[in-house]
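First up is the structure itself, then whatever we jot down about it.
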Amino acid sequence: MVSHRFDGAVLGFEAGTIDPFTRTGWTVLVVGRSRFVVGIDTLSGFDDPARAPWHHVPGDSYLVVDVGRLTGHRTTLLRPDGDRR
């Protein structure tokens with residue numbers, strides 16, 4: 001369950017992946033002010049909240065992070081000494 005203690009807080013959310021074979025990948029970081037909302041009708045700005053890939057129950061609550069800063073980059077992991085992959 002989403003907690004009211006994060007309502008109005010500045011939060012960061014990071015997503016990314018690394019390909020284990022090529023050792024390359026990417027990462028994206030979103031930082032912004034959060035807001036606590038109840039019900040899918042309050043999810044303004046989404047294409048169609050009713051088509052979200054999760055089941056909705058009346059009274060569901062969400063923590064929305066309004067984008068204040070968006071950064072990202074590609075990355076390559078160094079190979080440890082002796083790694084010949």
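Rule-based calculations on the coordinates, nothing more; no lab input. Quantities reported herein were computed from a predicted structural model and do not represent experimental measurements. Please note: Cβ atoms are built from the backbone with ideal geometry, for glycine as well, and neighbour counts cover all protein chains shown.
How much net charge surrounds D7 when only other residues with a Cβ under 10 Å from its Cβ are counted (Lys, Arg +1; Asp, Glu -1)?
+3
P(r) tail for the range 4-76, what percent of Cα pairs lie past 16 Å?
Value for the range 4-76: 62 percent of Cα pairs lie more than 16 Å apart.
What residues qualify as long-range amide H neighbours of W26, i.e. H under 5 Å apart, gap of 5 or more or another chain, H built at 1.01 Å from N?
Under 5 Å from the amide H of W26: T17, T75.
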